[in-house]
Amino acid sequence: MKILKRFPFLPVFGIFLLVGLFLGTRAGLSTGTANSVNSSLATAPAPIAATAEMATPQPVAANGQRNLLVIGVDRMEPENAQLESIWLVLHFPGEAEFTLIPLFPAALSGGQSQDDFLSHTFDLRPDHLPSPEFLTAIKELDLWWNDVLVIDEAGLARMIDQVGGVVLDGDRYEGVNAVAGLPNPWDAPHGALQGQISVAKALCSQSPGIFSPESIQVMIGLIGTHIFTTQEMQSTLADWQGLNEPVSCQFPTLE
């Protein structure tokens, strides 16, 4: 890969997500992100200690905001998967606006050393979800989320095909080619970030869009093979499927 409301944020897809003072009044964004929005942040839910099973969900914020941590890997193989992207997707149930914030690579204030730390800490458990140690490393950046979604390159390619491909630099690419053209974060982190941003914006802007009911149905069909999520994600996907109006994505940290 290369992957991948209003505030009080992207994450990415997408994710993603991802404006001004109005957005700044409603979010739970980390102070550790590069170009973080200078605004008062909503009080995040009290942190929950990571457990071996990671079974306890993060409480929903008082304003109803839900955050989704989207993690992109090259392959869905627990001992061999390499971290390619991290995005935070902010949304409010029932609303058609998504805020996407890129976190990895080359998007955090810690620079290359922080990227290296996250990359070396990353590990997929046998259930294809990140290890508690990796999630704790992200939480220590003052970030929080309710749900976790892990997607591999094949899953991302399928989602790109669902929206009819993506237009990058004036040319349309099918999923496999779009993903293959993304720089590896370990070789070119800044190039990888820019490639992810281009794909995320295309996925959000093209009809039917990554957050359309049709696309969410395809996403659900990939769960268990190229997408793995926490159990709480099921209710979030059901909420997205119920959206009956055009979806918009904001990328405040990129503006």
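The values are calculated or read from the model by the stated rules, or taken from the named source; none is laboratory data. None of these values were measured; they are calculated from a predicted model. All Cβ positions, even for glycine, are placed from backbone atoms using ideal geometry, and neighbour counts span all protein chains on display.
Details
- Residues of the range 209-238 satisfying the condition of being of a type in the set (Asp, Glu) and either surrounded by 17 or more Cβ atoms within 10 Å (Cβ to Cβ) or under 16 Å from His128 (Cα atoms) (or both): Glu232
- Pair list, Cβ < 9 Å and 6+ apart or interchain, from the range 233-255 residues that are more than 21 Å from Ser198 (Cβ to Cβ) to residues that are among the aliphatic types (A, V, I, L, M) and modelled with pLDDT under 85: Trp240/Val247
- Among the residues making up the range 173-194, a single one is at pLDDT below 95 and either of a type in the set (D, E, K, R) or closer than 30 Å to Asn244 by Cα (or both): Asp187.
- Selection status of Ala238, farther than 19 Å from Ala157 by Cβ and assigned to a helix (DSSP H, G or I): yes
- Count of the range 123-144 residues which are among the hydroxyl-bearing types (Ser, Thr, Tyr) and either surrounded by fewer than 17 Cβ atoms within 10 Å (Cβ to Cβ) or within 16 Å of the chain's Cα centre (by Cα) (or both): 1
- Within the range 77-99, if we keep just the residues that are assigned to a strand (DSSP E or B) and in contact with a helix residue (DSSP H, G or I) (Cβ under 6 Å, 6 or more places away or on another chain), the residue that is surrounded by the fewest Cβ atoms within 10 Å (Cβ to Cβ) turns out to be Leu83.
- Residue match in the range 106-115 (condition: hydroxyl-bearing (Ser, Thr, Tyr), surrounded by fewer than 20 Cβ atoms within 10 Å (Cβ to Cβ), touching a Gly at 6+ places or on another chain (Cβ under 8 Å) and more than 26 Å from Ala238 (Cβ to Cβ)): yes
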